[in-house]
Amino acid sequence: MMNRSRRGILAVVMAAVAMLATAAVEPSDRGGGTLDHAIDSTDQYLARRQEFARAKAERIEARRHQLDRVGAGAEAAAMIDLGREFRRYNVDSAARYFTQAIDAAAVRGDSSTMKTAMLELAAVNPLRGIIKESVDMYDAIDSSSLRDSELTLYYDKGFDVYVTTAEFYNDDYHGNEYRRKALQFSDSLVSRLPEGSAEQLYYKGWSAMRRGDLPTALTELKSALGRSSFGEDLYARATASLADYYMNYVHDRDKAAYYLALSTMSDVAAGTKETTSLQRLGLDLYKRGDIVRAHRYMSVALENSIESGSKVRTLAEVNTFPVVSKAYRDRDYTRMRWLYVLVGVLTAAMIALAVMVWIIYRSKRRLASYRQQLTTSNMHKDAYINQILAICSSYIERIEELNRLIVRKVKTGQSQDLCRMVESGEMMREQSDKFLRSFDKALLSIYPDFVGQLNGLLRDDARFGEPSGSKLSPELRIAAFMRLGVDDSARIARLLGLSLNTVYTYRNKLRNRAKDRENFEADIEKIGNIAKL
């Protein structure tokens with residue numbers, strides 16, 4: 001028993017702390033802020049909804065512990081209090097406790113408490129989808145048998161029964177009939193509630209709005225809002241009614257959405273599962289094109305309705321949520337489609353970049369190869385110049401030797417010997433052979449693959465063999481001179497010491513052995529060229 005009492009005291013303390021925490025988050029701009037600020041604040045409240053729900057659960061737990069500690073005579077009244085705590089949190093649990101209160105009061109013969117529990121049950125059952133039975137239960141209560149102090153609760157619960165029932169019917173005939181009855185109860189409450197109280201001002205404003213007295217409705221509803229506390233049921237109802245006023249009567253959507261946001265924040269801060277204002281705000285945001293926020297709001301509203309067991313609220317949200325959900329999916333589909341396009345573009349760009357990198361890499365390799373070829377070519381040309389200089393130097397030396405030989409022969413009277421040497425041609429052959437050896441060596445030094453590239457221009461069965469050592473055949477020498485741009489056959493004949501007919505014959509043979517006879521001589525001139533970039 002002692003442990004139970006301690007748990008009860010702890011639960012009450014925790015509930016009090018939770019209520020203080022809820023009160024601390026009341027918005028400072030109650031009616032004076034902007035819509036954007038209110039929507040942003042709603043986002044913040046929804047982000048903390050689990051925190052507020054835990055505070056609500058702790059308050060309910062505190063009520064449970066109070067129920068455990070009450071005496072037998074007060075048990076039914078404690079059950080009614082616990083049922084009221086559940087009313088905007090879980091309607092099935094609320095109905096269960098009201099039913100238990102009816103049974104407990106009946107056992108003790110407490111008709112007054114039993115009627116109170118029946119009124120509470122009749123007001124909560126329409127939210128569970130139990131419409132006709134709730135109306136019948138309420139109508140079965142004889143108001144003439146109620147004490148004067150009980151009539152206020154009778155009219156208040158009658159108002160709830162018929163307003164909720166009117167929301168259930170979409171057709172104008174049944175809906176208007178139940179709203180007409182709700183208006184009668186609202187008028188009765190105005191006459192019975194304390195003058196100037198927040199509750200009386202609310203019902204005054206509600207009745208005036210239904211009758212079309214808009215100035216009075218606005219004044220009374222704002223007065224009710226000013227006298228109510230954030231997080232209370234009346235605050236949420238007053239802001240929701242003001243949203244109705246601006247939406248349905250003066251057609252100011254921004255102010256309507258603003259008051260819906262205030263109503264939503266009050267509901268969330270109270271930790272209830274009431275979702276009407278949140279669902280209406282989500283639908284309004286959907287119409288404004290804020291699909292993401294609308295989908296989030298209506299998802300939370302539907303989740304809360306299911307958790308609360310309110311079939312009426314769930315049905316209303318199920319009817320509207322698919323439209324928003326489809327728009328949200330379509331938006332995601334569009335975003336995904338653009339994402340696929342972006343991925344495709346990026347992929348193509350990456351492929352293009354890779355190709356460009358490969359081309360640049362290949363170009364760099366080719367440039368490196370060309371640089372190497374140019375370097376090699378320059379080296380070969382230097383070597384060729386050295387060979388030419390060597391030949392020229394050799395000729396100068398030989399001319400000097402011949403000059404000294406001629407002077408000596410003339411001085412000694414050996415003119416006949418000198419004539420025989422000249423007539424024999426030995427000196428010319430010697431110099432010609434020396435020139436040809438130097439030429440062969442220089443050519444193969446500049447174009448080491450000259451014979452191989454020349455064979456590439458010839459038919460497979462007409463190719464030259466590799467030259468022995470550094471000596472070229474007459475045909476190869478003629479091709480070499482053609483490569484060097486010496487196209488005159490007579491000049492080639494003089495340089496090689498051949499007859500003109502022999503040179504013509506060799507050139508024709510070379511052309512006949514070519515794969516492409518028409519372009520053979522032009523192809524020869526390209527041997528050893530550095531490829532163009």
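Relative protection proxy for 208-216, 260-268, from highest mean packing down: 260-268, 208-216 (other beta-carbon atoms within 10 angstrom).
A simple rule links phi to the HN-Hα coupling: the Karplus curve 6.51 cos²θ - 1.76 cosθ + 1.60 with θ = phi - 60°, which for the stretch 500-512 gives 5, 5, 4, 5, 4, 4, 4, 5, 5, 4, 4, 5, 5 Hz, with x for Gly and Pro. In the stretch 59-167, Rg over Rh equals 0.96, where Rg is the alpha-carbon radius of gyration and Rh the Kirkwood radius from pairwise Cα distances.
Under a 5 Å amide H cut-off, with hydrogens placed 1.01 Å from N, residue 458 pairs with 515 among residues at least 5 apart or on other chains.
Peptides 507-520, 218-231, 116-129, 189-202, ordered by how many other C-beta atoms sit within 10 Å of their residues on average, highest first, read 116-129, 218-231, 189-202, 507-520.
Given Cα positions, please report Rg to Rh for the stretch 166-318, the hydrodynamic radius being the Kirkwood one. My calculation of the ratio gives 0.97.
For the stretch 69-84, the Karplus equation 6.51 cos²θ - 1.76 cosθ + 1.60, evaluated at θ = phi - 60°, returns couplings of 9, 6, x, 4, x, 9, 5, 5, 5, 5, 5, 4, 4, 5, x, 5 Hz by residue, with Gly and Pro reported as x.
Here residue 287 is the anchor, and the aspartates and glutamates within straight C-alpha reach of less than 13 Å, apart from those fewer than 8 places off in the same chain, are 254. Peptides 364-374, 77-87 ranked from most to least packed by the mean count of surrounding Cβ atoms within 10 Å: 77-87, 364-374. Note on exposure: 295, 251 ranked by accessible area (1.4 Å probe, complete protein assembly) read 251, 295, with the most exposed listed first.
The values are calculated or read from the model by the stated rules, or taken from the named source; none is laboratory data. Everything quoted here is computed from the prediction, not taken from an experiment. Positions of Cβ are generated from backbone atoms using ideal geometry, with glycine treated the same way; all protein chains shown enter the neighbour counts. Heads up: the accessible areas ignore ligands, DNA and RNA and are worked out on the full protein's heavy atoms, side chains in. Shrake-Rupley method; radii C 1.70, N 1.55, O 1.52, S 1.80 Å.
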